[in-house]
Structure formats: C-alpha cells, structure tokens
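Down below is the structure, laid out as structure tokens.
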C-alpha cells in the first residue's frame, strides 16, 4: 500500500512505527493527505493542475518521491511532488548556515583615532575607512586625544568632527552632538549606520543575484518561499 512517511526514492515506505510517530511532520504528506482534490506542482515547481489526491500520490510514487501539502488553506489545497527527506535535510543545513550568518549580523564598533591637526591625506584615509564600516552596517567611534595644552585647540577638533559627520551623513548618523562629546582629555563622536546589518546582507545578496544574470521568475520565487514557510518548522 501507499506509505505515509517521506522516503525519497521509494525506499522504506510504509506506516510509521512507534518511534517514528514522535517525528510525524507537521504538514500532511503522502497518505496523510485526505482532500478529494488538490492543485499539484511538480518536482521542478511546475504547475501540473487539478486532480484527485490519489492521482497526485500515484504520480509522486511513480517518480519515487513524496506528495507534500504546501498550502493547506488554499482552495483547493496545493501539493508538491518532492523528496521530503532531502528537503528536510536541506532545511536543517540552511538552519545551521543561518545560525552562522547570524553572527555576521551582529553590529560591531570600529574605532578611528584622529588628531585635531591631522593632515588632509590621513583625514581622507580615515574618512574612507569610516564610509566602509558604516556601509557594512557597523558603528564607528571617532576619538581625538589631546596632550598637555592641546586641549586649547578643542574647537578645531569639534569643527573637524562636524565636517566628518556631514561627509558621512549618507551612510551614518551621529549619536548625540555632531561635534562629539568631551570625555577627560578626549573628544569622542559615535556614528551609527543608517542601514542595518540585515539590510546590508540582503542588498549584497540581491546584487550578487543580478550579477549572475538575473533572478528567476517571480512565480518560482513565490512558490519556493511558500514551500519553505510551510515546511521549515515541520
């Protein structure tokens, strides 16, 4: 008879045993699909059409694959032919990769040190570094230290900080006063990125996709997102 468990390749199909029952998927697959009529998508996400769930399951089994309901709320429900075990393996892999990427989404604070009388070349080097950090979604802490009577020139440092803040305004916003805050013998200005780490990563991903020759059809993207949304917690 038709199996209920995801097998891929037709191996090991059959009813779940006692241990497997604890791992039943949260979405109906194979014989768990009881609806009379379903809208079927093929293994390559192509639309096959309306048919009975038994016919859809026959098509899946002929290919050694599973029939998985990916949109139970649709009228009629949408099912897709796929290797469910392989899909779950890929989802677990994506989850682990996402956990690693999460670390890269943590905002770090980069510190740049400047002198009140810094020359234009060194100033531009630090400004370029600040632009890079902010564009990458990181905070920038700019510090100007004064030695001895150099504190008499604090106004020059404040003007320099204001100039830097203005030149970085397209990618960052100063936290507090644009001229910085005096702390002991230092003047400190912190600039927060306008874009979050997540936005930066998303933009890079879109750009890479365009550079590869364009995105897939929107319909394909929608179907894939639908599948992942329905099954990633299964």
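Worth pointing out:
- Residues satisfying the stated conditions in segment 169-193, i.e. surrounded by 15 or more Cβ atoms within 10 Å (Cβ to Cβ), within 19 Å of residue 126 (Cβ to Cβ) and out of contact with any strand residue (DSSP E or B) (no Cβ under 6 Å at 6 or more places or on another chain): 171, 178, 179
- Helices (runs of 4 or more DSSP H) wholly inside segment 56-169 that include at least 2 residues being within 23 Å of residue 193 (Cα to Cα) and over 34 Å from the mean Cα position of the chain (by Cα): 120-135, 154-167
- Selection count, segment 87-110, where residues are modelled with pLDDT under 90 and either farther than 30 Å from residue 42 by Cα or surrounded by 14 or more Cβ atoms within 10 Å (Cβ to Cβ) (or both): 14
- Scanning segment 142-172 for residues being more than 10 Å from residue 115 (Cα to Cα) and in contact with a helix residue (DSSP H, G or I) (Cβ under 7 Å, 6 or more places away or on another chain) gives a total of 6.
- The criterion of being farther than 30 Å from residue 160 by Cα and modelled with pLDDT of 80 or more holds for residue 210.
- Taking segment 180-199 as the range and being part of a loop (DSSP other than H, G, I, E, B) and touching a helix residue (DSSP H, G or I) at 6+ places or on another chain (Cβ under 6 Å) as the test, only 180 passes.
The values are calculated or read from the model by the stated rules, or taken from the named source; none is laboratory data. For clarity, every value in this text was computed on a predicted model and none was experimentally measured. Don't worry about glycine lacking a Cβ; one is built from the backbone with ideal geometry, like all the others, and counts go over all protein chains shown.
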